[in-house]
Amino acid sequence: MSAKGIFIASAAATLLLTGAAVARADEKMGGDQVRCAGINACKGQGITTASAADCKAKGGTIAPEKK
């Protein structure tokens, strides 16, 4: 295998491993995080992240995503 082939193979492996790490991090966060208003100490003055179920259970409202 040439040096160019080794470089391409290692770059492809790095991309695959990076994607797997991001997927695991998202899985640990619950994966369904939304922007939620009304559940933080400011009571509606700020927006925090929570799961949709947690946001609703605490009386918050789901805020639209930033553009």
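The values are calculated or read from the model by the stated rules, or taken from the named source; none is laboratory data. All values reported here derive from a predicted model rather than from experimental measurement. Cβ placement follows ideal geometry from the backbone for every residue including glycine, while neighbour counts extend to all protein chains displayed.
Keeping to the stretch 47-67, report how many residues are touching a strand residue (DSSP E or B) at 6+ places or on another chain (Cβ under 6 Å) and part of a helix (DSSP H, G or I).
2
Residue by residue, here is whether (1) modelled with pLDDT of 85 or more; (2) out of contact with any helix residue (DSSP H, G or I) (no Cβ under 8 Å at 6 or more places or on another chain); (3) among the aliphatic types (A, V, I, L, M) holds:
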site	(1), (2), (3)
S2	yes, yes, no
S10	no, yes, no
L17	no, yes, yes
A25	no, yes, yes
G30	no, yes, no
C55	yes, yes, no
K58	yes, yes, no
A63	yes, yes, yes
